[in-house]
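Chemist: Below are the structure tokens for one structure; questions will follow.
The values are calculated or read from the model by the stated rules, or taken from the named source; none is laboratory data. Note that the structure is predicted; figures quoted are calculated from it, not measured. Every residue, glycine as well, gets a Cβ built from its backbone with ideal geometry; the counts of neighbours run over all protein chains shown.
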Amino acid sequence: MTELEQYINSYFGVEQEDLLFISSMFKPQTLKKGDFFLRTGRYCEKLSFIKSGLMRIYVSTADREITQWISTKGYFITDLSSLIFDTPARWTIQALTDVELYTIKKEDYNRLGKTIVKWHLLEKLFLARCFTILEDRIFSHLSMTAEERYNFFFQQNKELFNQVPLQYIASMLGMTPETFSRIRRKAIS
């Protein structure tokens, strides 16, 4: 069973026949470090599951880049709004390392709804999971201090602190690099 099949089975409990059909629609894809999965302003035509590697979701503004998320193995990646509503992507998605993906094209994704009887329930659960992750992030930004956000994120993602530039993590946590460094020094000592 592939990592993708394990994920789908553990979170959505799909029947074996449906699981095999769904996973057959996802094709292997690789990106080299620095390659772009998607650029701001383009239309997102795919959804991918990360088998290995790290990807950064960000947007460039006039004076800085803002990291929305760093996605790791075992997570899906896309610009959901662009994929579902056919709008230009607001996010740029770039490989931070060499990445192995399982990718489904938009037309195949849409075809699942016509082929798998329970697809609409599965899709609802998938979107609810995405929404819950977003809610958790908003809750932490509204209810935690910068130091609490740092500590919580560090406890959940220790390995990232040695794998990605720290300014990306600082941006994702809504901090300036200076605040992030100050909190990090305090946590280390």
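Chemist: Just to be sure before I move on: is H141 closer than 19 Å to I66 by Cα and either free of Cβ contacts under 8 Å to residues at least 40 places away in the same chain or of a type outside the set (G, A, S) (or both) in the structure I sent?
Modeler: Yes: the conditions hold for H141.
Chemist: Right, another one. Search region 135-151 for residues being among the hydroxyl-bearing types (S, T, Y) and surrounded by fewer than 17 Cβ atoms within 10 Å (Cβ to Cβ), and hand back the single one that is farthest from L80 (Cα to Cα).
Modeler: Across region 135-151, the extreme among qualifying residues is T145.
Chemist: Next question. If I filter region 106-116 for residues that are under 26 Å from G34 (Cα atoms), of a type in the set (F, W, Y) and in contact (Cβ under 8 Å) with a residue 24 or more places away in the chain, do I get at least one hit?
Modeler: No, region 106-116 has no match at all.
Chemist: Name, by its number, the condition in (1) of a type in the set (V, I, T); (2) buried (at least 17 other Cβ atoms within 10 Å of the Cβ); (3) touching a Ser or Thr at 6+ places or on another chain (Cβ under 7 Å) that does not hold for I66.
Modeler: Condition not satisfied by I66: (2).
Chemist: Which condition number does M175 fail, the rest of (1) under 30 Å from I84 (Cβ atoms); (2) touching a residue at least 12 places away in the same chain (Cβ under 8 Å) being met?
Modeler: Unmet condition: (1).
Chemist: Take the conditions surrounded by fewer than 14 Cβ atoms within 10 Å (Cβ to Cβ) and either in contact with a strand residue (DSSP E or B) (Cβ under 7 Å, 6 or more places away or on another chain) or not acidic (D, E) (or both) and apply them to I169. Does it pass?
Modeler: When the stated conditions are applied, I169 does not pass them.
Chemist: Separate question: If a residue must be within 16 Å of the chain's Cα centre (by Cα) and not hydrophobic (A, V, I, L, M, F, W, C), how many such residues does region 164-189 contain?
Modeler: 2
Table: residues versus (1) buried (at least 18 other Cβ atoms within 10 Å of the Cβ); (2) at pLDDT below 95; (3) assigned by TED's automatic domain parsing to the domain that holds K114.
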{"residue": "N9", "(1), (2), (3)": "no, yes, yes"}
{"residue": "L19", "(1), (2), (3)": "yes, yes, yes"}
{"residue": "I22", "(1), (2), (3)": "yes, yes, yes"}
{"residue": "F26", "(1), (2), (3)": "yes, no, yes"}
{"residue": "T30", "(1), (2), (3)": "no, no, yes"}
{"residue": "D35", "(1), (2), (3)": "no, no, yes"}
{"residue": "R39", "(1), (2), (3)": "no, no, yes"}
{"residue": "C44", "(1), (2), (3)": "yes, no, yes"}
{"residue": "M55", "(1), (2), (3)": "yes, no, yes"}
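Chemist: When you go through T115, T78, T132, T176 one by one, which is the residue that is of a type in the set (S, T, Y) and surrounded by 14 or more Cβ atoms within 10 Å (Cβ to Cβ)?
Modeler: T78
Chemist: State all residues of region 166-189 that are of a type outside the set (A, V, I, L, M, F, W, C) and under 15 Å from R64 (Cα atoms); if no residue qualifies, say none.
Modeler: Selection gives Q167, Y168, S171, G174, T176, P177, E178.
Chemist: Further question on the same structure: Does any residue in region 1-24 that is of a type in the set (D, E, K, R) come within less than 8 Å, Cβ to Cβ, of a residue that is not in a loop (DSSP other than H, G, I, E, B) six or more places away or on a different chain, and which pairs are these?
Modeler: E3/F49; E3/K51; E3/Y102; E5/L19; E5/L20; E5/S23
Chemist: What number goes with the only condition from (1) surrounded by 13 or more Cβ atoms within 10 Å (Cβ to Cβ); (2) assigned to a helix (DSSP H, G or I); (3) under 17 Å from the mean Cα position of the chain (by Cα); (4) not assigned by TED's automatic domain parsing to the domain that holds M55 that F154 does not pass?
Modeler: Result: F154 fails condition (3) only.
Chemist: Then there's this: Based on this model, can you work out whether T92 counts as in contact (Cβ under 8 Å) with a residue 24 or more places away in the chain, buried (at least 20 other Cβ atoms within 10 Å of the Cβ), in the same structural domain as S24 (by TED's automatic domain parsing) and β-branched (V, I, T)?
Modeler: Judged against the criteria, T92 is a match.
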